[in-house]
Amino acid sequence: TIQNQTSLRPTSDAAIEKSWTEFFTAFQRAVKQRDKAALKKMISSDWKVMTVEGIVKSTPDQVVNVMDEGEWKALEKSIAAGIAISKRLKTTRSTTDCHHDFDLEKDGKWRWSLACFEFAECDCDKP
């Protein structure tokens, strides 16, 4: 189902869930394999990180270029803990530890959109 000409996002719950499952399976595989090229394609061009200083925007290239083994392991642990659907938007998912968000963007693709460090004030919108 296509919402309108300016958005390619699926609108039915079933289509949204199917596209999420496909994305998240590929995302988990990229993280497990430490595949920067695959991960880069799954990062929003409007990616943000929340720090104690505030919100910092980064490009997908910048994100993958700073990934070290500690960050890969932390991301892997966070996504393994579980995912929750946003209470406000069915097109947003968050890790249950509130450290990462994923959004279904207007082009119809899910992308990793936000990271939040433990010491920052993270706005978790899980049920």
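The values are calculated or read from the model by the stated rules, or taken from the named source; none is laboratory data. Since we're looking at a predicted model, the values are computed, not measured. No Cβ is skipped: glycine too gets one built from the backbone with ideal geometry, and neighbour counts run over all protein chains shown. Note: accessible area is taken over every heavy atom of the protein model, side chains too, but ligands, DNA and RNA are not part of it. Shrake-Rupley method; radii C 1.70, N 1.55, O 1.52, S 1.80 Å.
Give me a count of the residues in region 76-88 that are within 18 Å of Glu105 (Cα to Cα) and exposed (fewer than 15 other Cβ atoms within 10 Å of the Cβ). Adding up the residues that qualify gives 2. When region 89-117 is filtered for residues that are polar (S, T, N, Q), open to solvent by 20 Å² or more (accessible area, probe 1.4 Å) and over 18 Å from Thr11 (Cβ atoms), only Thr96 remains.
State the number of residues belonging to region 23-53 that are loosely packed, with under 12 Cβ neighbours inside 10 Å and modelled with pLDDT of 90 or more. Lay out the reasoning, then the answer.
Step one: of region 23-53, the residues loosely packed, with under 12 Cβ neighbours inside 10 Å are 25, 33, 37, 45, 52-53.
If we keep only those that are modelled with pLDDT of 90 or more as well, we get 25, 33, 37, 45.
Qualifying residue count, region 23-53: 4.
May I ask you to verify whether Arg34 is within 14 Å of Arg111 (Cβ to Cβ) and not in a strand (DSSP E or B)? It would help to see each step written out before you state the result.
On the way: within 14 Å of Arg111 (Cβ to Cβ): no; not in a strand (DSSP E or B): yes.
No; evaluated as a whole, the condition is false for this residue.
Among the numbered conditions (1) free of Cβ contacts under 8 Å to residues at least 24 places away in the same chain; (2) more than 22 Å from Thr11 (Cα to Cα), the only one that Ala26 does not meet is (2).
Residue check: is Leu8 surrounded by 14 or more Cβ atoms within 10 Å (Cβ to Cβ), touching a Gly at 6+ places or on another chain (Cβ under 6 Å) and modelled with pLDDT under 95? Yes; evaluated as a whole, the condition is true for this residue. Being in contact (Cβ under 8 Å) with a residue 60 or more places away in the chain and surrounded by 11 or more Cβ atoms within 10 Å (Cβ to Cβ) is the filter here; which residues of region 11-21 pass it? Answer for region 11-21, where residues must be in contact (Cβ under 8 Å) with a residue 60 or more places away in the chain and surrounded by 11 or more Cβ atoms within 10 Å (Cβ to Cβ): Ile16, Ser19, Trp20.
Being closer than 18 Å to Lys109 by Cα and charged (D, E, K, R) is a property that holds for Lys41. Please determine whether any residue of region 41-51 is in a helix (DSSP H, G or I) and more than 13 Å from the chain's Cα centre (by Cα). No: zero hits.
Of the residues that make up region 54-75, is at least one at pLDDT below 90, touching a Pro at 6+ places or on another chain (Cβ under 7 Å) and either within 25 Å of Ser7 (Cβ to Cβ) or open to solvent by 80 Å² or more (accessible area, probe 1.4 Å) (or both)? Within region 54-75, not a single residue is at pLDDT below 90, touching a Pro at 6+ places or on another chain (Cβ under 7 Å) and either within 25 Å of Ser7 (Cβ to Cβ) or open to solvent by 80 Å² or more (accessible area, probe 1.4 Å) (or both). Counting the residues of region 29-74 that are in contact with a helix residue (DSSP H, G or I) (Cβ under 7 Å, 6 or more places away or on another chain) and either free of Cβ contacts under 8 Å to residues at least 12 places away in the same chain or under 13 Å from Cys116 (Cα atoms) (or both) gives 1.
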